[in-house]
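Working notes, beginning with the structure itself.
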Amino acid sequence: MEEKIVPLISTVYESQDWKELEQKENEIGPEKLLDEIINKKVWTNSEILWIIRRMIFYYGKKDEILKNAPVDRIFTNMVDVLRAFYILLDRLDPEVDDNLRSYVCAKLSDATWGINDNTRSYLYKMKK
């Protein structure tokens with residue numbers, strides 16, 4: 001009897017759930033899919049990553065409409081995302097290869113601008 005080799009799915013983006021979500025996005029559009037997801041109480045991993053991908057798109061392009069958002073709201077958004085990742089990393093404690101760990105560390109290091117002593121001193125001077 002011939003043994004079937006089933007490839008391992010290594011990421012959510014390679015899963016059937018993700019493919020179905022992308023197909024749904026193409027059918028109903030990203031705005032309707034966004035509304036559908038955020039109106040659910042519990043999301044799948046694919047839906048969580050889809051939301052994060054949308055956030056990266058809008059925040060990454062420094063969307064003009066988002067620039068009009070109250071600064072406090074943007075900070076709240078950031079804290080909510082950070083809390084979610086904090087809980088996931090604490091709970092799962094995933095093994096991460098050196099390349100991915102290096103990437104994450106570089107991004108987090110860049111994101112500490114404004115919370116370390118040097119940049120906080122700079123910001124206090126700018127305020128005066």
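On the given criteria, is Gly60 touching a helix residue (DSSP H, G or I) at 6+ places or on another chain (Cβ under 7 Å) and open to solvent by less than 100 Å² (accessible area, probe 1.4 Å)? First the steps, then the outcome.
Details: touching a helix residue (DSSP H, G or I) at 6+ places or on another chain (Cβ under 7 Å): no; open to solvent by less than 100 Å² (accessible area, probe 1.4 Å): yes.
When the stated conditions are applied, Gly60 does not pass them.
Specify which of the listed residues (Trp18, Trp43) is under 16 Å from the mean Cα position of the chain (by Cα), farther than 23 Å from Leu100 by Cβ and either modelled with pLDDT of 95 or more or open to solvent by 50 Å² or more (accessible area, probe 1.4 Å) (or both).
Trp43
Could you list all residues from segment 104-118 that are assigned to a helix (DSSP H, G or I) and either within 24 Å of Ile56 (Cα to Cα) or in contact with a strand residue (DSSP E or B) (Cβ under 6 Å, 6 or more places away or on another chain) (or both)?
Val104, Cys105, Ala106, Lys107, Leu108, Ser109, Asp110, Ala111
Being closer than 25 Å to Glu31 by Cβ, surrounded by 12 or more Cβ atoms within 10 Å (Cβ to Cβ) and at pLDDT below 95 is the requirement here; does Ile74 meet it?
Working: closer than 25 Å to Glu31 by Cβ: yes; surrounded by 12 or more Cβ atoms within 10 Å (Cβ to Cβ): yes; at pLDDT below 95: yes.
The answer is yes for Ile74.
Tell me the residue from Ala69, Ala106 that is open to solvent by less than 80 Å² (accessible area, probe 1.4 Å), among the aliphatic types (A, V, I, L, M) and within 17 Å of the chain's Cα centre (by Cα), please.
Ala106 is the lone residue from the list that is open to solvent by less than 80 Å² (accessible area, probe 1.4 Å), among the aliphatic types (A, V, I, L, M) and within 17 Å of the chain's Cα centre (by Cα).
Take the conditions on the phi > 0 side of the Ramachandran plot, touching a Leu at 6+ places or on another chain (Cβ under 7 Å) and not charged (D, E, K, R) and apply them to Gly114. Does it pass?
Judged against the criteria, Gly114 is a match.
Would you check which residues across segment 50-103 are among the small types (Gly, Ala, Ser) and part of a helix (DSSP H, G or I) and list them?
Answer for segment 50-103, where residues must be among the small types (Gly, Ala, Ser) and part of a helix (DSSP H, G or I): Gly60, Ala84, Ser102.
Report, by residue number, each residue of segment 27-40 that is part of a helix (DSSP H, G or I), free of Cβ contacts under 8 Å to residues at least 24 places away in the same chain and either surrounded by 10 or more Cβ atoms within 10 Å (Cβ to Cβ) or at positive phi (or both).
Ile28, Glu31, Lys32, Leu33, Leu34, Asp35, Glu36, Ile37, Ile38 - these are the residues of segment 27-40 that are part of a helix (DSSP H, G or I), free of Cβ contacts under 8 Å to residues at least 24 places away in the same chain and either surrounded by 10 or more Cβ atoms within 10 Å (Cβ to Cβ) or at positive phi (or both).
The values are calculated or read from the model by the stated rules, or taken from the named source; none is laboratory data. Model, not experiment: these values are computed from the prediction. Counting neighbours? That spans all protein chains shown, and the Cβs are built from the backbone with ideal geometry, glycine included. Just the protein is used for accessible areas: all its heavy atoms, side chains included, with ligands, DNA and RNA removed. Shrake-Rupley method; radii C 1.70, N 1.55, O 1.52, S 1.80 Å.
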